[in-house]
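For reference, the structure discussed in these notes is given below.
The values are calculated or read from the model by the stated rules, or taken from the named source; none is laboratory data. No experiment lies behind these values; they were computed from the predicted model shown. Cβ sites come from the backbone with ideal geometry, for glycine too, and all protein chains shown count toward neighbours. To get the accessible areas, we keep the full protein, side chains included, count just its heavy atoms, and leave off ligands, DNA and RNA. Shrake-Rupley method; radii C 1.70, N 1.55, O 1.52, S 1.80 Å.
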Amino acid sequence: MTFTSVERRWITATMEAFAHEGAPGLSPRPGEVDWLGTVEAMYLASNPRGRLGVRLGVLFAGLAPLWTLTALCTLPGLPLGRRTELLSKLLYHRWFAVRGLVLLLKLAASFALLGVRAVRDRSGYDRAAPQVRKRHLPVLTRAVA
Amino acid sequence: MGAYTIEDEGDFVVVGTGAGGATAARVLSAAGRSVVLLDEGPRLKTEDRPRALLGAMTSAFRDFGTTTTRGTSPFPLLQGRLVGGSTAINSGIIWRLPEDVRREWVERYGLSELADEAGLARAFDTIERELEITETSDEVLGNNAALMALAAEKLKLPGKVISRNAARCKGTAQCLQGCPGEARQSMDVSYIPRSLAAGARLHDQARVDRVLREGGRAVGVEGELVERGSEGRSRGRFKIRAKRGVIVAASAVQTPVLLRRSGLRGMVGERFQAHPGAAVVGRFKDPVGMGFGATQGYEVPLRDRFMKLESLSMPPEMLGARLPGAGPAWQERLGQLDHFAQWCVLVRMEAHGTVRPTLFGTGSDAAVSFTPTALDMRRLREGLTTLCRMMFAAGALEVYPGIAGLPPVLKDLSEVALVEGYDLKARHLNLMASHLFGSACAGKDPARSVVGEDLQAHALPGLYVMDSSVFPTNLGVNPQHSIMGVVYRAAERLAA
Ligand SMILES: Cc1cc2nc3c(=O)[nH]c(=O)nc-3n(C[C@H](O)[C@H](O)[C@H](O)COP(=O)(O)OP(=O)(O)OC[C@H]3O[C@@H](n4cnc5c(N)ncnc54)[C@H](O)[C@@H]3O)c2cc1C
Ligand code: SF4
């Protein structure tokens with residue numbers, strides 16, 4: 001097992017706070033996304049420093065209610081809305097390390113979510129769009145100016 | 001067999017199958033030399049390359065992109081680790097070695113043979129013909145690039161359609177995952193098969209750990225057969241003997257590591273350079289549809305300002321992570337993933353760094369130190385400011401500059417002044433670099449360079465370096481074609 005049971009709970013609590021089930025916009029359906037499997041795959045493919053980064057990110061996020069003096073509990077102890085609020089703040093934290101490591105977890109959430117074909121289809125990413133080129137750009141420069 | 005699972009021999013052994021190694025193999029095998037190619041990464045068939053980004057990156061990117069610079073604001077150095085090297089995950093943008101850079105190499109570094117104008121032009125002509133270099137067609141330009149063209153036109157910036165090695169591009173925007181129709185002529189579908197057809201042999205998942213010497217000459221390499229997907233488990237060791245030369249083309253990060261592990265010192269690992277960059281995202285009222293179009297179709301080369309702006313279509317997983325917020329605020333944006341454009345700036349940085357083997361790591365693990373200078377950061381800020389202006393000029397409703405300490409969302413053009421006036425530091429950005437140079441520089445003086453004009457190591461006859469680590473300076477343009485041109489010339493002379 002790559003992660004301890006505590007880490008696994010913190011990872012799940014973090015991922016679910018990034019992408020709420022049933023929220024407006026793009027939301028995962030129950031059981032649709034493999035959060036843990038994605039973080040584990042990223043971890044295993046990383047070098048030792050990268051792995052340390054994933055572990056530290058999980059630790060920062062899991063203990064965030066305590067070290068940010070938000071509440072006397074770990075992340076899973078906070079209601080979903082407050083978890084999200086806290087993660088949003090950490091993404092813009094003044095310390096580079098905190099921002100960077102929480103962004104790594106957000107990257108994992110994005111990989112997990114949009115890596116599911118059905119979710120990707122709902123995002124509209126692959127929807128055909130009318131071509132701007134035809135409407136606005138009669139001539140394109142084809143040589144270095 | 002003894003201690004080795006694989007033993008082999010050739011006139012030349014080539015370590016690394018990216019832009020440099022594959023080109024060397026192409027020239028030497030065509031000249032009738034026997035070539036043994038080695039790569040740490042696997043040989044992946046196009047149809048076996050995963051399309052979802054998680055699988056694509058775990059199978060083809062070195063350490064999932066977690067090789068970072070050291071220091072207080074580390075950033076990733078992206079590299080491919082598969083047969084084809086970084087060319088198998090790149091966008092296929094093609095630029096010849098700029099004339100001002102070529103002249104500097106001749107005049108300041110004395111490389112008149114290596115950077116000979118007529119010889120290089122001939123090499124570029126051949127490569128351009130063989131790799132089907134052409135400008136991106138209107139049909140597959142895509143809106144991400146077309147919007148950038150529109151912005152460049154409005155702001156009177158010197159933009160142009162990008163030339164690529166993908167004449168038959170269908171605009172799937174999947175270069176990072178490997179071109180599904182093999183339109184993009186990366187080394188794994190061009191010079192590697194061509195070399196194999198000419199008699200070269202390839203051993204993949206074979207990580208070279210040491211260059212072997214006998215009588216003061218490089219005579220071969222040895223290393224470990226590593227199994228990807230099972231945390232690099234060993235499948236045994238190999239030894240390859242080279243009758244005429246060992247060619248190291250493992251990239252500007254791994255080449256100096258291998259040379260140092262093989263006992264070379266001096267300038268090995270010094271003068272590491274790069275073109276780090278960052279991206280800006282804009283949201284548009286009408287759909288952009290980043291999922292269609294050449295991965296990179298339009299560029300604004302600003303060489304006199306040491307930067308280059310490019311349109312950059314990203315797979316949805318990466319684009320998603322780049323959008324601001326968490327929870328419902330993020331998800332609302334994710335629900336309109338066809339409404340975003342993304343463009344990036346790359347800076348020809350003046351900073352020099354170092355590359356060393358890691359203290360406790362094995363094989364090709366590298367410790368890279370690189371810190372942008374204050375001037376580099378000012379140039380980056382100018383590039384980001386220009387990109388934000390361009391986004392609004394193209395009609396963006398909101399722009400995400402991706403700069404810590406500034407609002408994550410700019411609502412109109414007047415707010416771009418915040419970017420322009422910001423005291424930007426590396427720690428405010430999520431930088432990345434994939435254009436890497438100069439850690440085993442070519443030059444005349446053995447005290448100030450690692451290899452000579454023929455790319456042979458001053459300190460070890462029979463050892464050649466043929467990748468971007470020999471470049472004495474960075475370029476300010478995308479490097480693949482310059483690497484291939486320089487290596488083509490050097491390999492031709494070696495084959496003669
Ligand atoms: C995402 C991305 C996009 C890019 N886009 C462009 C673009 O559009 N245009 C452009 O010009 N450039 C682009 N580049 C840069 C370009 O691909 C590289 O500059 C170029 O491929 C470098 O060539 P190289 O031969 O030095 O190294 P690489 O192509 O990286 O090849 C090195 C090879 O050596 C192998 N290797 C390393 N160590 C060992 C070892 N110890 N034993 C055995 N094998 C080893 C690696 O597995 C790898 O296959 C891009 C790069 C990336 C990562
Ligand atoms: S955009 Fe798609 S079709 Fe075009 S070269 Fe890249 S992967 Fe191939």
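For the reader, a short list of remarks on this structure follows.
- Each residue in the stretch A:60-103 was checked for being surrounded by fewer than 19 Cβ atoms within 10 Å (Cβ to Cβ), without any contact (Cβ under 8 Å) to a residue 40 or more places away in the chain and within 21 Å of A:Thr4 (Cβ to Cβ), and 5 pass.
- Unmet criterion (only one of (1) within 14 Å of another protein chain (Cβ to nearest Cβ); (2) within 21 Å of B:Gly220 (Cα to Cα)) for B:Gly21: (1)
- Residues that are within 11 Å of chain B (Cβ to nearest Cβ), under 29 Å from B:Ala367 (Cβ atoms) and either β-branched (Val, Ile, Thr) or open to solvent by 30 Å² or more (accessible area, probe 1.4 Å) (or both) are absent from the stretch A:8-28.
- Residues of the stretch B:30-40 classified as within 14 Å of ligand 1 (Cβ to nearest atom) and outside any loop (DSSP other than H, G, I, E, B), total: 3
- Here the stretch B:300-329 is the region considered, the condition is being touching a helix residue (DSSP H, G or I) at 6+ places or on another chain (Cβ under 7 Å) and part of a helix (DSSP H, G or I), and the residue that is farthest from the other protein chains (Cβ to nearest Cβ) is B:Arg305.
- Residues that are out of contact with any Ser or Thr (no Cβ under 6 Å at 6 or more places or on another chain) and either of a type in the set (D, E, K, R) or within 15 Å of ligand 1 (Cβ to nearest atom) (or both), drawn from the stretch B:165-177: B:Asn165, B:Ala166, B:Arg168, B:Cys169, B:Lys170, B:Gln174, B:Leu176, B:Gln177
- Residue within the stretch B:248-256 that is hydrophobic (A, V, I, L, M, F, W, C), in contact (Cβ under 8 Å) with a residue 24 or more places away in the chain and in contact with a Phe, Trp or Tyr (Cβ under 6 Å, 6 or more places away or on another chain) present: yes
- Checking each residue in the stretch A:1-40 for being under 20 Å from A:Gly62 (Cβ atoms) and either small (Gly, Ala, Ser) or not in a helix (DSSP H, G or I) (or both) picks out A:Met1, A:Thr2, A:Phe3, A:Thr4, A:Ser5, A:Ala13, A:Ala17, A:Ala19, A:His20, A:Val33, A:Asp34, A:Gly37.
- Selection from the stretch B:469-494 of residues that are in contact with a helix residue (DSSP H, G or I) (Cβ under 7 Å, 6 or more places away or on another chain), open to solvent by less than 10 Å² (accessible area, probe 1.4 Å) and of a type in the set (Gly, Ala, Ser): B:Ser469, B:Gly485, B:Ala491
- Looking only at the stretch A:45-68, and only at residues there that are outside any helix (DSSP H, G or I) and more than 13 Å from chain B (Cβ to nearest Cβ), the one that is nearest to A:Ile11 (Cα to Cα): A:Leu63
- Annotation: B:Ala417 fulfils all but one of (1) buried (at least 24 other Cβ atoms within 10 Å of the Cβ); (2) of a type in the set (A, V, I, L, M); (3) assigned to a helix (DSSP H, G or I); the unmet one is (1).
- Condition check for B:Gly236: at positive phi, part of a loop (DSSP other than H, G, I, E, B) and in the same structural domain as B:Ala24 (by TED's automatic domain parsing): no
- Scanning the stretch B:338-361 for residues that are within 12 Å of chain A (Cβ to nearest Cβ) and under 25 Å from B:Val470 (Cβ atoms) yields a count of 2.
- Meets criteria (open to solvent by less than 10 Å² (accessible area, probe 1.4 Å), at pLDDT 95 or above and closer than 16 Å to B:Arg194 by Cα) for B:Ala25: yes
- Residue match in the stretch B:393-404 (condition: over 30 Å from B:Leu28 (Cα atoms) and within 16 Å of ligand 1 (Cβ to nearest atom)): no
- Residues in the stretch B:388-409 that are more than 14 Å from chain A (Cβ to nearest Cβ) and surrounded by fewer than 24 Cβ atoms within 10 Å (Cβ to Cβ): 4 in all.
- Of the candidates B:Gly297, B:Gly291, the single residue that is assigned by TED's automatic domain parsing to the domain that holds B:Met148, under 29 Å from A:Ala17 (Cβ atoms) and either touching a residue at least 12 places away in the same chain (Cβ under 8 Å) or open to solvent by 10 Å² or more (accessible area, probe 1.4 Å) (or both) is B:Gly291.
- Number of positions in the stretch B:472-496 that are within 11 Å of ligand 1 (Cβ to nearest atom), more than 20 Å from B:Thr134 (Cα to Cα) and either at pLDDT below 95 or not in a helix (DSSP H, G or I) (or both): 2
- With respect to (1) touching a residue at least 60 places away in the same chain (Cβ under 8 Å); (2) touching a Gly at 6+ places or on another chain (Cβ under 6 Å); (3) within 13 Å of another protein chain (Cβ to nearest Cβ), the lone exception for B:Gly335 is condition (1).
- Here B:Glu270 fulfils each of the conditions (1) under 30 Å from B:Cys169 (Cβ atoms); (2) in contact (Cβ under 8 Å) with a residue 60 or more places away in the chain apart from (1).
- Only one of B:Arg26, B:Arg43, B:Arg96 that is part of a loop (DSSP other than H, G, I, E, B) and in contact with a helix residue (DSSP H, G or I) (Cβ under 6 Å, 6 or more places away or on another chain): B:Arg96
- Selection status of B:Thr69, open to solvent by less than 10 Å² (accessible area, probe 1.4 Å) and within 14 Å of chain A (Cβ to nearest Cβ): yes
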